[in-house]
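See below for the structure under consideration.
The values are calculated or read from the model by the stated rules, or taken from the named source; none is laboratory data. Being a predicted model, the structure only gives us computed values, none of them experimental. A quick note on method: Cβ atoms are made from the backbone with ideal geometry, for glycine too, and the neighbour counts reach across all protein chains shown. The protein model used for the area step is the full one, side chains on, heavy atoms only, and it has no ligands, DNA or RNA in it. Shrake-Rupley method; radii C 1.70, N 1.55, O 1.52, S 1.80 Å.
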Amino acid sequence: MAEDRNWHPDFEDYTERMVNHPNYKGLFYERGEDGRVKWVVTGKSDNGQKRLEWWNKQCRKYGIPIEKGCYAKVARRVHPTKLKVCQCCGKELSVMYEYPDKNLLKKINGRFGLSLNQTDYTIKEIVGKHCKTVEDVEFWAKTFGLNIAQNTLTRNTIPTLRQRIIDTIYKKYVAKELKPLSPGAMSNCPDRFDGFHSDGLCCRERTDKGRHSDNMKTYTQDRRAYEEWADGDFNLANRLMGEFHKGDKTYICPKCGKRRKMTADHIGPISLGFCHSTCFAPMCQSCNSAKNNRFTKSDVEALLKLEKSGQTVISWHSKVIWDALKHKVKTDADAKKLSIVMLQCHQNVLKLFAMIYAETGQEYLKRFLHPEYAFYDYRFEDFDPLHLEKLVIKRKEWDSANKRKNASRCIRIAFESLDEFNDKSNRKTAFVVDEFMPSIQKLTGLIESKSYEKADALLNDLIRVVSTSIRKRMWD
């Protein structure tokens, strides 16, 4: 039973919020000897029948006929936040039909060259990210049965049509709970207190033997590495991250001291310009989420130690600012300040890349990506998340359709991120790079003339002067 498995701390918090919420007033529950909510009862037991009686009252209250599918409908209607926390991983998922089902997901992944899992994004987020051309609009309109007059379909009308598609999906499919969409958690009323399976759609294939998928437990792709143009063997790093997701073994979290399943935290956040490498710190999901991109003095010390051992921790484009300030961090406050400076520098680098891409296309910048990393297979021996120094890595060359797909995915996502860069709103960044337009124009000229060696030298010089300018304004 789900009661016997380890509970993610966020799920435990969720159970307390739900049993104390007025929407569930009168719904039966008990507590165990440990004081924790007994979340699950057997539907046919006396306690299960007490719950069923409460749910039947809710159906009558909301005018939902008591028939097949009624409890799923009323459970979604009653839920106060519409966001359910997965017992296993702690992920918050919509209980509404906001995720593509497997068939639609396969269609989306194939059309856009993606490798999404079902709960990576809601359908609103997916359409928002991948409806940018006339052909995209036609794909989504056909998929969801929306008629769009050809004479209204132009590049200028895409934003309006994109919103119309999203509105139609939510009105005709999400609100009516129809395929090809799926909820983030399936109904399990009256067994579970809130009427939903304890496992979210994110984890059911791993925890439910009947829904098992080897891919889900062995490979985690961190698309942020591509979006941030991070150096490092992304294939190896992704594979090692996947090792943290295998099995249910728990460890004492080095951060909070509680016994939990471990996750992999980047010691150097890739959003600050660090590599997507095997330089992970183990910590439980709760501590990992709480840390986010916070940078501490101990993180800096760990990175300096890794560098001293010969490892590369920083991406080439962020090395200037890291080398200038890494030995000046004496306190956690200094580390936090460094993280702010590095974020500003990294955002300026991405802005510079976006400007180059807009003017010259992919050919020049693609040289800084490494899709060749995809063509290896990795196996691990002596994996212990608390002692990664003991890890033995076995590598062999491997070519397959999936490997080729992952290689192209690396490139596609990297350039998609540049396409989207200027579209993002509320960016708290001072774009110093805008002050160097004459040099940027000279750079694009060199690229267009295929003078890549000279372009490389000028690009590195631009990054150096931009980083120096930011350092003088924010650190010195």
- Item | Test result for D476, in a helix (DSSP H, G or I), acidic (D, E) and more than 30 Å from the chain's Cα centre (by Cα) | no
- Message: Taking the criterion of being within 18 Å of the chain's Cα centre (by Cα), at pLDDT 90 or above and small (G, A, S), would at least one residue in segment 165-182 satisfy it?
- Response: no
- Task: Please tell me if L272 is closer than 27 Å to F368 by Cβ and either free of Cβ contacts under 8 Å to residues at least 24 places away in the same chain or in contact with a Leu (Cβ under 8 Å, 6 or more places away or on another chain) (or both).
- Result: yes
- Please tell me if D384 is open to solvent by 20 Å² or more (accessible area, probe 1.4 Å) and either in contact with a Ser or Thr (Cβ under 8 Å, 6 or more places away or on another chain) or touching a residue at least 40 places away in the same chain (Cβ under 8 Å) (or both). no
- Query: Taking segment 1-54 as the region of interest, how many residues are among the basic types (K, R) and open to solvent by less than 20 Å² (accessible area, probe 1.4 Å)?
  - Reply: 1
- Of the conditions (1) basic (K, R); (2) in contact with a helix residue (DSSP H, G or I) (Cβ under 8 Å, 6 or more places away or on another chain); (3) more than 16 Å from A230 (Cα to Cα), K366 fails just one. Which one is it? (3)
- Can you run down the residue pairs with Cβ atoms below 9 Å, 6 or more apart or on separate chains, where the first is in segment 132-145 and acidic (D, E) and the partner is in a helix (DSSP H, G or I) and surrounded by fewer than 18 Cβ atoms within 10 Å (Cβ to Cβ)? D136/R111; D136/F112; D136/I158
- Task: Just name the residue that is farthest from D191 (Cα to Cα) out of those in segment 55-64 that are over 37 Å from the mean Cα position of the chain (by Cα) and open to solvent by less than 80 Å² (accessible area, probe 1.4 Å).
- Result: G63
- For segment 67-101, what are the residues that are open to solvent by 40 Å² or more (accessible area, probe 1.4 Å), assigned to a strand (DSSP E or B) and of a type in the set (D, E, K, R)? E92
